[in-house]
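Before any comments, here is the structure.
Please treat every number below as a calculation from the coordinates, not as lab data. Bear in mind the structure is a predicted one, so any value in this text is a computation, not a measurement. Glycine also receives a Cβ, built like all others from the backbone with ideal geometry; neighbour counts cover every protein chain displayed.
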Amino acid sequence: MSVLSRLTSTACALVALTGLARADALTDAVVDQHILPTYERLATETAEFATLTESDCAPTSEAVRTAWGEAFDAWVAASHLRFGPSEADNRAFAIAFWPDSRSKTPKALRGLLLDSDPVVNTPEDFATASVAVRGFYALEYLFYDPAYADLASPDYACAVVKAVAQDLSQNSAAILTDWQEEYAEKLRHPDERYRSDEEAHQELFKALNTGLEILGDMRIGRPLGTFDNPRPNRAEVRRSGRSLRHLELQLDSLRQLALLLSDGDAELSQHLTQVFDKADRHAANLADDPSFAGVSDPQHRFLLETLQQDVRAIKDIAALDLGPRLGVEAGFNALDGD
Amino acid sequence: MKTPLLTGAALLALTAGTTAAFAASKAEVLTNYANIAEAKYEDSLITAKALQAAVDALVAEPSAENLEAAKHAWLAARVPYQQTEVYRFGNAIVDDWEGKVNAWPLDEGLIDYVDASYGGATDENAAAALNVIANPEFSLSGKAIDASDITPELLGETLHEADGVEANVATGYHAIEFLLWGQDLNGTEHGAGDRAWTDYAAGDDCTNGNCDRRGAYLKAATDLLVSDLEWITAQWAEDGEARETVLSDENAGITTILTGMGSLSYGEQAGERMRLGLMLNDPEEEHDCFSDNTHNSHYYDGLGIQNVYLGEYVRVNGEVVSGPALADLVEAADAELNAELTGKLSTTMMKLGRIKTAAEAGFSYDQMLAQGSEAGEALVMGGVDALVDQTRSIERAVAVLDLSDVAIEGSDSLDNPTAVFQ
């Protein structure tokens, strides 16, 4: 080993040691205050929904729809955490297959209902079904789109609701268990999956960016389309009128993560708080158009465009201030393709 | 804001100075990267011209043999083209152009007749079943279109991405693929599209109507593919815009290579093209669904990632283009990481090779996507997992090469951080 490289490795070791205390605190804070509580809530809400469907599973039941909505809220708050346990066994896709740019969910659900496909009879079989008929979004069609109301017998529709609710609960429980039993440890004490605290931080930073991309480019960007070609039909969960609600829930969750990542940097926290506050105010302006039907009208469209700019401003702060502060790159995520 | 950047640049210059004796320079690596791009696109052009000749022969003298010859030419043309895909992400000039030649998936009912099971117009696409070949006149987005002459201009400027819908793919490899093979109606059973040569026959032999217009469409689409490939090849030649851009800023150029490798590996190939089809059990999610050539598409995409990293490409005539590579830069910065990444790229090729060999032996890619096919799922997920794993090491390469000032440069907000609050 040359003198030069020995010096270099000593320097690296020093950096690693001095970085350790702060790094652990940051990772611990995000895991304990953000990730675990978010997944605990998802597991609890989906379990409650599944339990309810044992006795009440009619797609028209208000109690069923409310329980579905509460569980869905919990998912939206977790929807940016696309790494580790949520990706194993395609759990996140099975919980929430969206965006569905090729209309797979309506097609597959229609087929399922028309055939009264016995795949819903056991959880083991249902776990092999297309992700397009599993999860929250398939139930939204079943609950809120009249075209699906009479395709199958009430008994079969009930069986679908039960199967999806159970599947949601199982996947959510599996994600939480994996986090509790092994994955939190992998982040806290980097070894193989993450080699250093920096790599752990990068994963958490990437989750923030992923969430901001889902929010700005998909939840907002898809219905916006272009000025000449707005796409109100592409608004997420427009059938249940939950589109705006999802934006607000995701903003709340991402604010929590961003502030934890800014880790006591008062100036950065203040900037982030300012832009998130502004985004919340602009979201509130959309209260009379909760499913973004107004994107074709320039006056209404402007409100959603403004909110998209807010999200991009938050992304800029993440790229320019937060990333460099953490000493990490943006990295790659699942949204990098087309 | 200038001072810290200069400091960063000065530090980088020092680092480069200490390693220069041991490693290739960034400029050399970028030149070889551009040389390989030029060779790959030129090979794509050469094989597309062979396809063009085969299509001309089919249209002039329709026969089963000439249709088979055109199919073979198409399959050969895919080999170099798929290896270029690693240039797409990161090189804006390629990404902006790419949709014309390789857009996918498509609502093929826009182009020609389809089976009744295809359905009609959808919420997402009003033109999904337009059938241009059967209709010399139609309206699109409320505008009357005269399609009596099927020309490259009609396809490229009017029909492609008509109505702002990406699934309206009127041009490129997959439009041609559909015209040669037809719809694959076998679901997740074995078998590709089975278009009869008589779809191009003259007079009473013509099946499914409008054979002359079908031939005209096929020829226009192939001519357009050739001219589009001529254009991109020129961009990578000496003084071409793509080459100049990559060479103009060393750190940005190296970042471009890594961005292409990582984005194709993870979001695009592992996610959009492989895992999604498996999760949906949907053969329409096959990349080359008409020809059942998907195993090769995946394989050559993976090979393109590997040969860009290693800086070595085997041309369609067997010649080798090689030179200083990104692997050399990583080796100089962190030899262990280079071994790790090189090993993972090899593992990916082995896993994609398994999919390819199984498909060639008769277990086709659409069968692998069938619900409950454990063997198929294991094969496809083997490729997905390897691609995701190599992406982690690509991220590590980004970190050890210390290119971080690049992402910050070029941002509008750099000189005025408060701008983002306005």
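See the values below:
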item	result
All-pairs alpha carbon distance profile, the protein assembly as shown, 20 Å steps from 0, percent	15, 48, 33, 4, 0
Modelled label reach - B:Ala126, point 7 Å along Cα→Cβ, region A:220-252 residues with backbone N closer than 20 Å	A:222-235
Two-site FRET efficiency, A:His189 against B:Asp385, from Cβ-Cβ distance with R₀ of 22 Å, rounded to 0.05	0.40
Dimensionless Rg ratio for region B:153-218, taking C-alpha atoms and the 2.2 N^0.38 Å reference	1.27
For region B:269-344 versus region B:356-403, the gap between their alpha-carbon centres in whole angstrom	10 Å
Cys residues of chain B counted as unpaired, since no other Cys beta-carbon is under 4.7 Å	B:Cys289
Percent of C-alpha pairs per 10 Å bin, region A:36-188, short to long	12, 43, 34, 10, 2, 0
Neighbour-limited loop hits for GluC sites (Glu not before Pro), region B:239-314 (at most 15 other Cβ within 10 Å; DSSP other than H, G, I, E, B)	none
Exposure proxy order (Cβ contacts within 10 Å, fewest to most) of A:His300, A:His271	A:His300, A:His271
Cα-Cα separations in chain A greater than 35 Å, expressed as whole percent	27 percent
Positive minus negative residues near A:Arg222 (Lys, Arg vs Asp, Glu; Cβ under 10 Å)	+1
Filtered chymotrypsin sites (Phe, Trp or Tyr not before Pro), region A:140-229: DSSP coil and at most 13 other beta carbons within 10 Å	A:Phe227
Cα centroid separation, region A:273-326 to region B:80-158 (Å)	33 Å
Kirkwood-based Rg to Rh ratio, region B:296-343, C-alpha trace	1.04
Fully extended contour minus Cα-Cα distance, from A:Glu267 to A:Glu87, at 0.36 nm per residue	61.4 nm
Extension gain, B:Thr198 back to B:Met350 (0.36 nm per residue minus Cα-Cα distance, nm)	50.7 nm
In region B:313-383, the GluC sites (Glu not before Pro) that fall in loop regions by DSSP, at most 11 other Cβ within 10 Å	B:Glu319
Over the protein assembly as shown: helical MRE at 222 nm, DSSP H runs n ≥ 4 each giving -39500 (n - 2.57), nearest 500	-19000 deg cm²/dmol
Contact order normalised by residue count of chain A, Cα under 8 Å, 6+ apart, percent	20 percent
Environment charge of A:Gln270, counting only residues whose C-beta is closer than 15 Å and scoring Lys/Arg +1, Asp/Glu -1	-2
Sites A:Glu248 and B:Trp231, calculated FRET efficiency, Cβ-Cβ separation with R0 51 Å, nearest 0.05	0.65
Estimated distance in nm for a label pair at A:Thr60 and B:Gln371, the labels positioned 7 Å out from Cα along Cα-to-Cβ	2.8 nm
HN-Hα J in Hz across region A:149-157 - Karplus 6.51, -1.76, 1.60, θ = phi - 60°, x for Gly and Pro	5, 10, 6, 9, 5, x, 5, 5, 4
Among B:Leu130, B:Val101, B:Val114 the positive-end extreme of the charge dipole of region B:54-131 (Cβ point charges)	B:Val101
Residues in region B:72-107 reached by a label modelled at B:Val400 [backbone nitrogen below 15 Å; 7 Å Cα→Cβ]	none
Rounded to 10°, Cα long-axis angle of helix A:104-115 versus longest principal axis of chain A	40 degrees
13 Å beta-carbon shell around A:Ala152, net charge (K/R +1, D/E -1)	-3
Note, ³J(HN,Hα) from phi for region A:264-272, Karplus 6.51, -1.76, 1.60, rounded to Hz, x at Gly and Pro	x, 6, 4, 5, 5, 4, 5, 4, 4
Largest-first ellipsoid semi-axes for region B:74-222, taking √(5λ) over the Cα gyration tensor eigenvalues, angstrom	24, 20, 16
Cut-off under 5 Å, modelled amide H: who pairs with B:Leu140 long-range	B:Ile145
Förster-model FRET efficiency, 60 Å R0, B:Asp205 and B:Ser248, C-beta, rounded to 0.05	0.60
Hz values of 3J(HN,Hα) by residue in region A:119-132 - Karplus curve (6.51, -1.76, 1.60), Gly and Pro given as x	4, 7, 5, 10, x, 5, 5, 4, 5, 9, 6, 4, 4, 5
